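The values are calculated or read from the model by the stated rules, or taken from the named source; none is laboratory data. All of these numbers come straight from a predicted model, not from anything done at the bench. All Cβ positions, glycine included, derive from the backbone under ideal geometry; neighbour counts span all protein chains shown. What goes into the accessible areas is simple: the full protein's heavy atoms, side chains included, and nothing from ligands, DNA or RNA. Shrake-Rupley method; radii C 1.70, N 1.55, O 1.52, S 1.80 Å.
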Amino acid sequence: MPNPTCAILIIGDEILTGRTREGNAHHLAGELVKAGFDLRQIRVISDDHPTIVAAVRELSAAHDHLFTSGGIGPTHDDITADAVAEAFGRKIGVRADARTILAAHYAARGVEFTEARLRMARIPDGASLIDNPVSGAPGFSVENCHVMAGVPNIFQAMVAGLLPRLAGGQPLLSRNWQMMVAEAAIADALRALAEAHPDVSFGSYPFVTEGQYGTNLVARATDPAALDAAFAALQAAFPEGR
């Protein structure tokens, strides 16, 4: 069986303007590889309601899972929950269980539970909650779309709780072979290796260190035996590597 496919949708003007360096997709991509999900696309869009609705509809229809980050906080520009609800034709409102979680979180810290904070208890009808052990405000899953916070430590905590609930596949394994040789010099031999091992993906990543060109060759596969065979062939083809 092939691994489930997925996409990541990063939502936020702060990413597109360069104010904030995006790291959530990088973190989630690594976790998805380990859990056996095939990540096909990462997209970054603005805090614009119609844009979010269109992207959620497109990506959720094209993949087994869609993971979103950003736009579920307490301020006026946090519009992701409303847009996701519209994308799936769901109503949205304050939900009792989400409100109880938030009320307990703020009460334990002696913090006022304001109307702005109550906005984070607005959940689309029929969605299941994603636990937030950091700041209380839950994310949610509606159909195959999993909506999470944009703050990195909260996002990472949500991912840690969510992924074990989803059925993954075979983890993608990888092996690295570094050579102090320019990428163009080994391109033909690498192409021949790729053709000889169609079940293994070969990647070539050039770098420069102290003025000398080098190349990292990476072999990837979900089948350990196929990966071992391909990597042995790679080492034999390029014995000067390490």
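Values computed for the structure shown
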| item | result |
| --- | --- |
| Fully extended contour minus Cα-Cα distance, from residue 44 to residue 76, at 0.36 nm per residue | 9.5 nm |
| √(5λ) per eigenvalue of the Cα gyration tensor, the chain, largest first, Å | 42, 19, 16 |
| Theoretical FRET efficiency, 1/(1+(r/R0)^6), r = Cβ-Cβ of residue 223 and residue 5, R0 22 Å, to 0.05 | 0.75 |
| Segment residue 29-residue 213, length gained on full extension (0.36 nm per residue, minus Cα span) | 63.4 nm |
| Solvent-accessible area per residue, Å², over the chain with all protein chains present [probe radius 1.4 Å] | 51 Å² |
| Candidates 105, 197, 63, ranked by Gaussian network fluctuation over the chain, Cα under 10 Å, top entry | 197 |
| Residue-count net charge about residue 66 - beta-carbon cut-off 14 Å; Lys, Arg +1, Asp, Glu -1 | -1 |
| Stokes-Einstein D for the range 13-143, Kirkwood Rh over Cα pairs, 4 °C, 1.567 mPa s (µm²/s) | 81 µm²/s |
| Candidates 59, 190, 32: whichever shows maximal mean-square fluctuation once the chain is modelled as a Gaussian network with Cα springs under 10 Å | 190 |
| Nitroxide proxy distance, nm - points 7 Å out along Cα→Cβ at residue 196 and residue 113 | 6.6 nm |
| For residue 95, net neighbour charge (Lys/Arg +1, Asp/Glu -1) across residues whose Cβ lies under 15 Å away | +2 |
| Euclidean distance of C-alpha centroids, the range 27-95 and the range 189-242, integer Å | 35 Å |
| For the chain, share of DSSP beta bridges that run antiparallel, in % to the nearest 5 | 60 percent |
| Folded to 0 to 90 degrees: helix 183-196 orientation relative to the chain principal axis, Cα | 80 degrees |
| Accessible surface of the range 173-237 [probe 1.4 Å, protein heavy atoms]: carbon and sulfur percent | 52 percent |
| Residue 26 - accessible surface, heavy atoms, 1.4 Å probe, Å² rounded to 10 | 150 Å² |
| Gaussian network model of the chain, Cα within-10 Å springs - most flexible of 25, 121, 219 | 219 |
| In degrees, nearest ten, helix 49-62 long axis to first principal axis of the chain (Cα) | 50 degrees |
| Spin-label pair residue 170/residue 125, simplified geometry with 7 Å Cα→Cβ offset, distance in nm | 4.3 nm |
| Helix 96-108 axis, angle to the chain major axis (alpha carbon atoms, nearest 10°) | 90 degrees |
